[in-house]
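Enquirer: Below: one structure in structure tokens.
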Amino acid sequence: MYRRTSVHPVFGKSFIHSMQNKGQLQAHLCLICSGIFWGLMAPVGKDAMLHGIDGIDLVSFRVLGGAVLFWLTSFFTPRQHVPVRDIFLMAGAGLFALVLNQCSYTIGLSLTSPSNSSIMTTSMPIFAMILSFLILKEPITWKKAIGVMLGCSGAIIIILTSASASNVKVGNIWGDLLCITAQMSFALYLSLFKPLVARYSLFTLNKWMFTWASVFIWPFTFTHVADIDFAHVPALTWWETAYVVFFGTYLAYICMMIGQKSLRPTVVSVYNYIQPIVAVTVSILAGLAILKPSQAVAAILVFTGVWLVVKSRAKEHVKN
């Protein structure tokens, strides 16, 4: 006969509370790690592309390495059935979330400074809000509108600073525009494929998207990668490439998803600023970038705009 056991009124609640705190602590640590991993990816990837490989090579290694790692991990996680229709839908998701996003960002990083590229990555919520308004007909509040204006003005300042710069360490207008294109592409992915993303786990979704990305990219880049003078590429460059693939892609994606599941969007958004802070600091210390006063002001405008947009969206979710 089943016997129901009682829970100690003090120990039981405190134990549950401690477990919840433990889960939240893990989520916070994961978000810190993802911010650091992505922040370091800009200067590390930039240095790799200055010593033996270029943007096309790096993005090719990144999508193929991501596909291999996520497929290997999927064998040790609960298996999900994916209908053929959804597999093909993931091809479209992979096109926007990885092919256009990572190609634009990586090639843009090869042209501009790591600090500019990392600041641009924080603008994604602004583009997501604009596309949600255009595609999903979500309303735009005054707070969102102000956030968009601040964020866009910051991005324009960075682009104009790069346009007048004679030193690539300050920035490059084409690289900046490619990094912005990367954020628009990922925002479009979030708007178009939101129901698909909600149906599957992180590993199921990414193993198929990275596979499709490899299918789309490698037929066009195989000969380019094959022309690498492998014998003369420094060992450090390969370690930097491995960092981009394993830490900047695989682990960063996992850590971010773990954090997003346990914490509110407003809390998650705070950790988004770790990435540019780490990237700018390391890039300047390594001599890969120069941050002018106008770019610092622009970064503050972008950060403030993103914060207003995310905060406004979070309040709407609470009301709903």
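Enquirer: Any chance you could look up the accessible area of PHE230 with a 1.4 Å probe, heavy atoms only, rounded to 10 Å²?
Expert: 100
Enquirer: Further question on the same structure: In terms of Cα to Cα distance under 17 Å, which aspartates and glutamates are near enough to LYS144, apart from those fewer than 8 places away along the same chain?
Expert: GLU316
Enquirer: Here is a further query. Take PHE220, project a point 7 Å from its Cα along the Cβ direction, then tell me which residues of the stretch 55-93 have their backbone nitrogen under 14 Å from it.
Expert: Within reach of a label on PHE220, which here means backbone N under 14 Å from a point 7 Å along Cα→Cβ, the stretch 55-93 contributes 56-57, 59-60.
Enquirer: When the dipole is taken about the Cα centre of the chain, and only Lys, Arg (+1) and Asp, Glu (-1) are charged at their Cβ, what size is it in debye, to the nearest 20? Kindly include the intermediate steps, with their values, before the conclusion.
Expert: On the way: 22 positive and 10 negative charges, 368 e Å.
Using Cβ point charges on Lys, Arg, Asp and Glu, the chain gives about 1760 debye.
Enquirer: At 1.4 Å probe size, put ASP227, ASP86, ASP54 in order of accessible surface, largest to smallest. Please report the intermediate quantities before stating the final value.
Expert: Working: ASP227 125, ASP86 10, ASP54 55 Å².
Highest to lowest solvent-accessible surface, that is ASP227, ASP54, ASP86.
Enquirer: I've got another one for you. Would you please classify the overall shape of the stretch 32-165 from the alpha carbon gyration tensor, given that a ≥ b ≥ c denote the square roots of the eigenvalues, rounded means a/c under 1.5, and beyond that prolate means a/b larger than b/c while oblate covers the rest? The partial results should precede the final answer.
Expert: Numbers: a/c = 2.18, a/b = 1.15, b/c = 1.90.
Taking the square roots of the gyration eigenvalues as a ≥ b ≥ c, the stretch 32-165 is oblate.
Enquirer: Also, quick follow-up: When you have a sec, figure out the Kirkwood radius of the stretch 67-113 from all distinct Cα pair distances and drop it here in Å to one decimal?
Expert: After inverting the mean inverse Cα-Cα distance, the result is 12.9 Å.
Enquirer: If you roll a 1.4 angstrom probe over the protein chains with everything in place, what fraction of the accessible area of the stretch 80-120 belongs to carbon and sulfur, to the nearest %? Let's see the in-between values first.
Expert: On the way: 970 of 1300 Å².
Result for the stretch 80-120: 75 percent of the exposed heavy-atom area is carbon or sulfur.
Enquirer: Assuming R0 = 41 Å, can you tell me the calculated FRET efficiency for the pair TRP142 and HIS28, based on Cβ-Cβ distance, to the nearest 0.05? Please list the in-between numbers first.
Expert: Numbers: r = 31 Å, r/R0 = 0.76.
With a Förster radius of 41 Å, E is 0.85.
Enquirer: Where the centre of each part is set by its Cα atoms, how far does the stretch 189-263 sit from the stretch 95-165, in angstrom?
Expert: Using only Cα atoms, the two centres lie 20 Å from each other.
Enquirer: Please list, or write none, the aspartates and glutamates whose alpha carbon is within less than 13 Å of the alpha carbon of LYS194, excluding same-chain residues fewer than 8 places away.
Expert: Excluding near neighbours in sequence, the set is ASP86.
Enquirer: Starting from a Cα-only point model with no solvent, please compute log10 I(q)/I(0) by Debye for the chain at q = 0.13 1/Å.
Expert: -0.99
Enquirer: Would you please classify the overall shape of the stretch 89-230 from the alpha carbon gyration tensor, given that a ≥ b ≥ c denote the square roots of the eigenvalues, rounded means a/c under 1.5, and beyond that prolate means a/b larger than b/c while oblate covers the rest?
Expert: Values: a/c = 2.91, a/b = 1.03, b/c = 2.82.
Because a/c hits 1.5 or more and a/b fails to exceed b/c, the stretch 89-230 counts as oblate.
Enquirer: Continuing with the same structure: For the stretch 18-113, which trypsin sites (Lys or Arg not before Pro) are in a loop by DSSP, counting at most 13 other Cβ atoms within 10 Å?
Expert: Details: sites: LYS22, LYS46, ARG62, ARG79, ARG85; in loops: ARG79.
Qualifying residues, ordered by number: ARG79.
Enquirer: Quick test of the membrane-span-like rule: which DSSP H helices of the chain reach at least 27 Å along their long axis (C-alpha atoms) with mean Kyte hydropathy at least 1.0?
Expert: 55-74, 142-163, 173-192
Enquirer: Determine the order of LYS194, LYS137, LYS292 by accessible area, beginning with the largest, at a probe radius of 1.4 Å. Let's see the in-between values first.
Expert: Values: LYS194 120, LYS137 150, LYS292 85 Å².
Largest accessible area first, the residues go LYS137, LYS194, LYS292.
Enquirer: If N is the number of residues in the stretch 91-167, what value comes out of its Cα radius of gyration divided by 2.2 N^0.38 Å? Please list the in-between numbers first.
Expert: Details: Rg = 14.6 Å, N = 77, 2.2 N^0.38 = 11.5 Å.
Cα-based Rg divided by the globular estimate yields 1.27.
Enquirer: Need one number: nm distance between label points at VAL68 and LYS194, each 7 Å from Cα along Cα→Cβ, rounded to one decimal.
Expert: 3.7
Enquirer: A follow-up question, please. Would you mind checking which residues have amide H under 5 Å from ALA289's amide H? H placed 1.01 Å from N; only 5 or more apart, or other chain.
Expert: ILE284
Enquirer: Mind telling me which of GLY52, GLY154, GLY35 comes out most flexible in a GNM of the chain, alpha-carbon contacts under 10 Å?
Expert: It is GLY52.
Enquirer: Which residue fluctuates the most in the chain, going by a Gaussian network model with Cα springs under 10 Å, if the choices are GLN260, GLN183, GLN295?
Expert: GLN260
The values are calculated or read from the model by the stated rules, or taken from the named source; none is laboratory data. All values reported here derive from a predicted model rather than from experimental measurement. Please note: Cβ atoms are built from the backbone with ideal geometry, for glycine as well, and neighbour counts cover all protein chains shown. Just the protein is used for accessible areas: all its heavy atoms, side chains included, with ligands, DNA and RNA removed. Shrake-Rupley method; radii C 1.70, N 1.55, O 1.52, S 1.80 Å.
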